[in-house]
Every structure is written in structure tokens, then in C-alpha cells.
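In what follows, a structure is listed as C-alpha cells, so that the remarks can point back to it.
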Number of protein chains: 2
Amino acid sequence: MWYENRVTQDLSIKYPIIQAGMAGGVTTPELVAAVSNAGGLGTLGAGYMSPEQTRVSIKKIKQLTNKPFGVNLFIPETPDISEEEIDKANEWLQPFREELNISERPKVKKPTASLFKEQIEIIIEEQVPVCSFTFGIPPKETVQQLKERNSIVIGTATTVKEAIANEENGLDMVVVQGSEAGGHRGTFIGSFEEAMIGTMALIPQTVDHVDIPVIAAGGIMDGRGILAAMMLGAQAVQMGTAFVTSVESGAKKPHKEAILNSNEDQTVVTSTFSGKPARGIRNEFITKMTRHEKYLPKYPIQNTLTTSIRNEAAKQNRPEWMSLWCGQNPRLSKPVSAGEIISDLLYQIDDIINTSRKGWS
Amino acid sequence: MWYENRVTQDLSIKYPIIQAGMAGGVTTPELVAAVSNAGGLGTLGAGYMSPEQTRVSIKKIKQLTNKPFGVNLFIPETPDISEEEIDKANEWLQPFREELNISERPKVKKPTASLFKEQIEIIIEEQVPVCSFTFGIPPKETVQQLKERNSIVIGTATTVKEAIANEENGLDMVVVQGSEAGGHRGTFIGSFEEAMIGTMALIPQTVDHVDIPVIAAGGIMDGRGILAAMMLGAQAVQMGTAFVTSVESGAKKPHKEAILNSNEDQTVVTSTFSGKPARGIRNEFITKMTRHEKYLPKYPIQNTLTTSIRNEAAKQNRPEWMSLWCGQNPRLSKPVSAGEIISDLLYQIDDIINTSRKGWS
């Protein structure tokens, strides 16, 4: 069958469909379990989670499914940011805080790598079947440690060079993120602008240069995209935006609605929310903050500074100040359950395969 | 067979593979004829040609093939540009002219739409089987006129909205240009930045909103890309960069070599050469001129101002000052004949189909 390959075999899943480990509360245990129960691989986005939250969520997922699932972690970044930069950013953010009646300024702690280490320990203790990474490559020892405990380890790349670096560090598979993808860019070598390569171009070039399985991401929302990615040489797909609008997703209502009502030309890659480039739907926050973009503190500092604004804006139903992460294919989004998203695309794939088979004879 | 569909039927070609009508001397009559003789549709890029050159080239193509072929035209743009803008641009371009020993400054004529009208007359007189357009939509009367003479009329779109506009104006088919594509962006509604949509996302969204056949362009270089585009719902592909490096291509040697030696992350979209955004390989000209980009005269004025620089740079083998148009998939380029490019990809397609058929049973 079309879905039988090295990825489904190694991950012990039925369909080569991975739900992206989106951080920020989108990937509820219910969503992760629903995707895994439907034969794909659900992934908990633990990037912003505390060790305690990570453990509780993993335990919850295990209650909801006995199928394999993954946890996605961020490779830690510890940029040196001056007090002046933070003050400047706070000044620019003040008008939004005032509009939302946020009186307190967030405390910024110097980021460390200790959270990452604690998370890895939890992954190992909880025997999580799949661990994926973005924003860089995990140290070889971490990869080794996870592999020894029988976790499959998946990296993220946005260029051929980054995919090769993942392979060299021992990752089992690599998600290759095309420029269409919603949310944060995984770029970790060179500038993000240079690494804005469309999925159609990026997948075949990467497949030609690595031996580990390539998982295509970016602009894939349905059965057509899955088969297209496989024709390009990918052995699986990772879908993010498609699951943000699902019933089980923890995305805020205004976020879901914005995706469901957007067109392909309404997203933009912006660093204004987090200090790291990410694709989302253009709104007032982005428009007003873009002029300061170059001077904002880098990720994760800017992310900390805007957290209360984004949360409060969601509560007050003000999508114009929220980070509305979204890929370039929002016209194909649906407000249905994760199981229905997967059964719909399986139906579509069967249909295309049957039509193709006839045409190809 | 995989290649039998409405596009191949309506265009009377064997394979749904169109060689893009790239302007600037790339599409020699030999290239156009070679592609058509191999079962695809060769296209003469007549955008910058005088009526006389257009006619001579068409006659030459007819001597070399009895198969259908196309001619691509630019929808004329007549921006109002002040003398000051031109003087400023000339000042910025002066260092390049000096390095290349170019003493004369080009004369800038106010652009008119008369060339376009003369070209259309030639297309009709010469009974060219296929006429394609970019940079806008031809007037309904022109479309009608061409259709009455049995020419198939193909438009270009970079968003769903533009594809719908093409259909509404009576175009028979539409090339949908993803952000991966090399050369000029075809965008004619809204800003080009908003219309930088990856092929993987743009094709299915467009297919869902028009009834005319969609021809996928952008990042497609081989059999994998062709089958992927067809899975997404396209009925044909248009390939540009793949043919630039062919033996029959009229691209300058340094241009061909630059593509053959580039990676996916080395191109950029720039207006510095022509006043209109186009994707090419980053070089010194772009790096030095980007700071002035916003203030350069619009297309086609800036194009006229840089013509002698680009030509002379090619003669002196200085690729750093040439426009090295190239898509995001240069790693798949080959320095072989157009016929070999096509036979290679047909072989690849057969191979993928055979493997898929087995896997799908």
C-alpha cells in the first residue's frame, strides 16, 4: 500500500502522517491522541512547557491512546540581550498593553539550557516513542541517549545543508520545512531569508543528499499534498495548520477563525511576536511592529515580552494583536475533528490513486 | 497514460510539459523546436523582441519543427517615470558602467503599448498555435481575436484571485507561478510580496477555484516535480530554469555555469535589474544595488538602463554584474540537450509510476 514504508515501519504507525508539535497550547493531549488513534503520529509541542507540564501532558496522552506519539522540543537558545534592548521593546509594546489593560511588565529571566535537559530526562523516564527537535540539532550525546532508550529521534531542516547536519548528528529522520509552513522557521544555519525554499524545490534536492527518511512539511493540507510530497521523494508528511483548526486543538477561537477565513496571500513571515521568524496571518500587531523588527530582542526574549499581550488579546477576542500562526494553504482548512481530517485525506488519497491507476494503464 | 488530458489534447502535444517563454535571448528557435519535437511545447519568449525579430524567430521555428509551439508576450506597462528618477538610477549604475568601459548612457523612450499590438498582429498572421502572456491579462478583445484564429491563449497567475481574473477574461488555461520560480514574477494584482506563495500550497487552492486547466510552474525540474504537480491537480507543468542550461538555450555561458553550480539557498527575488521583482542568483550587482531598490525606476525603464551593463558583463565574463535568473531548484539542472532533459524526465516518470503501481496494489 502507499503508506507502507520505512517511516511507518520505524515509527510503528499506520499512515505516514505526522501532526506537527506546535507549541503554545495547540497540541492538547486530546489532539495528540486523536491523531495517533487515527493511525498517524500525534506530537506534543512541549517547546514552551515546564518539566511538570510536559510530564503531566505525556501521562494524559498515555491515558488517551496506546499508540505511538511524539514530543517536540526546542533546542535552547541563550542570546545575550542588553537591558536597553528590553526597555526599548517594552516601550514599543506599551501601547498594546495599555489597550488591553495589562499593568505588569513581564520579568525576563536569562534563558538557560537547563529546561531542555530536564525535558530530555522526562522523555527518557516516560519512554516517549518519538522525540523531535527544531531550532537546531540536539547534541550527539542526547541523540545517543534517546536512541539507547528506543526513542526515534527526528530533526528539522530548512535547507539541504541543515538536513545533512541532522544526518551527521545521528538523527533517525528529518522534517524538511518548506517556505509555505506556518509558525516558526526551523532555520539554524545562515539567515532565514536564504532558507525560504518552497517545498516543491526543497524536497527533491534534500532527498538526493541524505540517506535518512525525509518528512515533508510546508503547505501540505490534504491528500493531494501528501501524494505530491511522496512523489517528490518524501516518505512522510508533517502537517501543522491543518490540525490547528481541528476540534481537539487548543488554539484559541479567534486563531481558528482567522485561519478558516484566510486566503493564501494573507500570511507573512514576521519576527515581531517572538524574535524569531514565523509565518502567520498579517494583522495590526505585525503592521505596527514591523518597523522595529530589526531592533527587537531575539528569541526567546521577545516571546516572553509579548506573552501577556497575546494571551490577553485572545481572552478579549482581539485577533489583531494575537500571533495567528498559519501556513500558505489556509483555504483548505476545516473545523472538524482530527479523526475526520485524517479520514477525509485517506479517502482523497484512495480516490487519486484509483484515478491515477486507471490513467496510467 | 499519465500524459493524456485536456491540456495535451487542446494543445495537440504529447506530454504536458511546457518550456517557459523566457525573454532575453534564452529561448532560441533551436530550443523551442527541440522541446516541441520531443513532445512538449516549446515557447518563444518574445517579451523584449521587436516585431521584426519576433517574426523572424517564428519563421525559423517553423523551419525546425512541424509541431505546435507557443510565443510568450508581456502585457505592456507604461509607468510615469520622472527624469530625476532616471538620473538618480544612472548615477547608481555609473560605477558598473565605468568598470565595464561603457561610455554611453542608454536612451530611455517612454514605453507605449504599440509594440504589443504589432506583436499580436504577427502572432495572428503567422498562425502561432499557442500564445501565452505574463505581467497582466490581455484585453478581452485580444483574447477573442486570437481564439477566433484558433490560437490557444494561456495566462499567468501568482494567486487564486489572479487565476480567477484570467478565467474571467476568457483565457483557455492558466500558468500558476509558485514562489520557487526563477525570473520575473507575473504578479499583477496587489504587491508581489503577498503573492509569494509556494507551488505546493498555490496549486491545490487554485485548482479548487477555476475550471480552466492549471499549469504548475515554480521549482519543477524533473519527473518527480511533474508527477507531484499533477497530484496537486495541475494538468501540465511549465519549466524554465531546467531549460536555461540546455545546449540549445541562448543563455550566456556564465549564466548557465552559475545555475549549474548553485544551491537552493543562493537565489533571491530582486527588482534591481529591471524594476520588477525577479528571482536570480545573488551576486555583487544585487548586493550593491539593493539599498537603492525602492527608488529605482519601475519596469521597463530600469530594465533599459541596465541592458548594456548586463550584456557587456556577459561578454567580459563577469557574472557578478549579470542577471542570473534561476529558480529554487538549481541542484537538479543539467548541461544537456533539451531532448535529453525531456527523455530523462520521461524515464524518471515511468520509473516512479512503476514503483508506485506496485506499492499501491
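Net charge in the neighbourhood of B:Gly155 (other residues with Cβ under 10 Å of its Cβ; Lys, Arg +1, Asp, Glu -1) is -3. Separation of the alpha carbons by more than 26 angstrom is noted, of B:Lys107/B:Lys298; A:Lys14/A:Lys334; B:Lys88/B:Lys110; A:Lys253/A:Lys298; A:Lys334/B:Lys161; A:Lys107/A:Lys288, for A:Lys253/A:Lys298.
Look at the stretch B:179-189: the mean tally of other chain Cβ atoms within 10 Å of its residues' Cβ atoms is 2.
Most tightly packed first, judged by the mean number of other beta-carbon atoms within 10 Å of their residues, the peptides B:76-86, B:17-27 read B:17-27, B:76-86. Where only DSSP H runs of four or more residues are counted, chain B gives -12500 deg cm²/dmol as its mean residue ellipticity at 222 nm, each run worth -39500 (n - 2.57). With K and R counted +1 and D and E -1, the other residues having a Cβ less than 12 Å from that of B:Asp344 yield a net charge of -2.
Distances, shortest first, from the label point of A:Glu77 to those at the same position in the other copies read 3.4 nm; the point lies 7 Å along Cα to C-beta. Between the C-alpha center of segment B:72-97 and that of segment B:154-197 there is a gap of 24 Å.
Each peptide in A:99-112, A:317-330 receives the mean, over its residues, of other Cβ atoms within 10 Å, and ordering these scores from highest gives A:317-330, A:99-112. Within segment B:214-361, DSSP assigns beta bridges of which about 60% are antiparallel (rounded to the nearest 5).
In terms of its C-alpha gyration tensor, segment A:105-161 has an oblate overall shape, because the principal axis ratio a/c (a ≥ b ≥ c, square roots of the eigenvalues) is not below 1.5 and a/b does not outweigh b/c.
By the combined test of axial Cα extent (at least 18 Å) and Kyte-Doolittle hydropathy (mean at least -1.0), the qualifying DSSP H helices of chain B come to B:51-64, B:301-315, B:338-360. The Cβ shell under 15 Å around A:Asn263 holds other residues with a net charge of -4, Lys and Arg each +1, Asp and Glu each -1. Looking at chain B, the DSSP beta bridges with both ends there are about 20 percent antiparallel.
Once a ≥ b ≥ c are taken as the square roots of the eigenvalues of the Cα gyration tensor of segment B:182-294, is the result rounded (a/c under 1.5), prolate (a/b larger than b/c) or oblate (a/b not larger than b/c)? It is oblate, given that a/c is not under 1.5 and a/b is not larger than b/c. Prolate is the label for chain A. Its Cα gyration tensor axes, ordered a ≥ b ≥ c, give a/c of at least 1.5 and a/b above b/c.
Across peptide B:289-298, the average count of Cβ atoms from other chains found within 10 Å of a residue's Cβ is 0. Projected label points at B:Asp344 and A:Glu52, each 7 Å from Cα along the beta carbon direction, are separated by 6.0 nanometres.
Placing a label point 7 Å from Cα along the Cα-to-Cβ direction at A:Thr112 gives distances to the equivalent points in the other copies of 7.6 nm, listed shortest first. Sequence-ordered 3J(HN,Hα) estimates for segment A:278-284 from the Karplus curve with 6.51, -1.76 and 1.60 and θ = phi - 60° stand at 8, 8, x, 6, 4, 8, 4 Hz, glycine and proline given as x. Amide hydrogen proximity for A:Leu41: with H placed 1.01 Å from N in the peptide plane, the residues at 5 or more positions away or on another chain lying under 5 Å are A:Ile17, A:Ile18, A:Gln19.
Near A:Ala216, the amide H atoms lying under 5 Å from its own belong to A:Val176, A:Gln235, A:Ala236, A:Val237, A:Gln238; only residues 5 or more places off or on other chains count, and H is placed 1.01 Å from N.
Rounded to the nearest 0.05, the FRET efficiency derived from the C-beta distance between A:Asp10 and A:Thr112 at R0 = 45 Å is 0.85. Per residue of peptide A:200-213, the mean number of Cβ atoms on other chains within 10 Å of the residue Cβ is 6.
Where a number appears in this text, it was derived from the coordinates with a stated rule and is not lab data. Everything quoted here is computed from the prediction, not taken from an experiment. Quick reminder, even Gly has a Cβ in these numbers, built from the backbone with ideal geometry, and neighbours come from all protein chains shown.
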